[in-house]
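Read through the structure below, which is laid out as structure tokens, and then see the notes.
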Amino acid sequence: MLDASTVATKKIYYDDPYAVTFVARVVSFEDGDLVLDQTAFFPEEGGQNPDRGILADCSVADVKIKKGFIHHYLKPSEGEAMPDLKEGDLVTGTIDWDHRFSNMQQHSGEHLFSGIAHTLYGCENVGFHLSDKEVTVDFDRFLTDEELLLIEQRVNEAIAHNVESRVEILNGREAEEAEYRSKLALTKDVRVVSFPGYDACACCAPHVKRTGEIGLLKVVRAIKWRTGIRVTLLCGGRAMALFDRDHEILTRTAQYLTTSVEGVYGQVVKMKEELAALKAQLRAQAILSMRRKVAAVESGGGNAVIFETEVETEAARDAVNVLVEKKSGYCGVFIGTDGTGYRYIIGKRGGDARVLNNLLKTRFGARGGGQAAMVQGSVSCTGDEVRALFEEIGE
Ligand SMILES: [Zn+2]
């Protein structure tokens, strides 16, 4: 085992972020935890997820950096075996380039976004996370939709300008004098990654050589976060995949509505308004229809019960309200069938509808409740049983 205080794993991705395959010597290997003298695998660091890939013909499940040493955690996938390695052996490694390049695109896009946001609006990037799905960036100041759009436009201009990135290692004094973001009280050498004209930032990750490789950047979400804002970004292939998905959904919706993509929103608004008007019309008709039934009930003493297969609760309640003005006894509307059971509303003018409700509960296990003037519930019994109960209870 080499001494961690004097030796650390050489980071191939510092000198060549495009290195995919490499050969390295084993420093230690224990329980699938492989440390090499050098590696092209970027570990989980600075909010970015680690590289994936293969080492000694075995899948790498995770990569972490501890005290300067990069640990590769091997986990054989189907058809693979845990390699038999000892100190000094040479191994070949290959990183998952598609995954890495996407990370380089997302990460470099984030640099441009944060740098331009800083230049235009003076906000500081105070949080960064790069997952396999998206990038989130936290800023200490809120940004309006217009501001976000302007930053996004400037980033895409920077991408089109195809600016070449620059990496410099500044020693303590140089770092003190230089202008860059993420300036911490660092005593050791600082790795500063620049996209001249747009951004300079202390960073440990691999970046694209030229901004054109980012392809495009899209802000997909922005939410208030503490005193500032959390912005979600997509770059390159991920942004294109989102565009493909949304375009497909919109095109299909437009075809379904027999309109253009531009016409979808107006059409949906119109349909929603029409639907609301139709629902209101149906409600009014249901109330009217129930009132006709109530009108057919003879006024005076005694109880009254009306059965309906299906009617909205609003119309049923209205019917009970009108019915209690005509009849002095219990007035009920039962909605349903003998097979499915009934929803019900029962009212009593100047009396207690809960008495009949309690009877429905004890006889048929009904569920429900309410005030003395009106109760509401559901019950599994037949219409004949309900009618018999209304006769039996009297007024
Ligand atoms: Zn970076």
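The values are calculated or read from the model by the stated rules, or taken from the named source; none is laboratory data. In this text the structure is predicted, and so the values were computed from the model without any measurement. All Cβ positions, glycine included, derive from the backbone under ideal geometry; neighbour counts span all protein chains shown.
Annotations for the structure displayed:
- Scanning segment 261-269 turns up no residue that is within 26 Å of the chain's Cα centre (by Cα) and at pLDDT below 95.
- Near pairs, Cβ below 6 angstrom, 6+ apart or cross-chain, from segment 115-132 (closer than 14 Å to Cys203 by Cα) to any residue that is among the hydroxyl-bearing types (Ser, Thr, Tyr): Gly115/Tyr198; Asn125/Ser114; His129/Thr136
- Put simply, of Ile345, Ile335 the only residue that is buried (at least 22 other Cβ atoms within 10 Å of the Cβ) and in the same structural domain as Ser380 (by TED's automatic domain parsing) is Ile345.
- Scan of segment 295-317 for residues that are free of Cβ contacts under 8 Å to residues at least 12 places away in the same chain and part of a helix (DSSP H, G or I), ordered by number: Ala295
- Filter result (touching a residue at least 40 places away in the same chain (Cβ under 8 Å), among the small types (Gly, Ala, Ser) and in contact with a Ser or Thr (Cβ under 8 Å, 6 or more places away or on another chain)) within segment 161-194: Ser165
- Condition broken by Val320, with the remaining ones in (1) of a type in the set (A, V, I, L, M); (2) part of a helix (DSSP H, G or I); (3) touching a Lys or Arg at 6+ places or on another chain (Cβ under 9 Å) satisfied: (3)
- Residue-level check: of (1) touching a residue at least 12 places away in the same chain (Cβ under 8 Å); (2) over 20 Å from Cys203 (Cα atoms); (3) under 35 Å from the mean Cα position of the chain (by Cα), Asp37 misses just (3).
- Residue in segment 168-180 that is within 14 Å of the ligand (Cβ to nearest atom) and of a type in the set (Lys, Arg) present: no
- Members of segment 73-119 found to be among the small types (Gly, Ala, Ser) and either over 23 Å from Glu147 (Cβ atoms) or surrounded by fewer than 17 Cβ atoms within 10 Å (Cβ to Cβ) (or both), listed by number: Ser77, Gly79, Ala81, Gly88, Gly93, Ser102
- Counting residues in segment 174-190 that are modelled with pLDDT of 90 or more and assigned by TED's automatic domain parsing to the domain that holds Ile151 gives zero.
- Test set (1) in contact with a His (Cβ under 8 Å, 6 or more places away or on another chain); (2) within 24 Å of Ser165 (Cα to Cα); (3) not aromatic (Phe, Trp, Tyr) - His99 fails condition number: (1)
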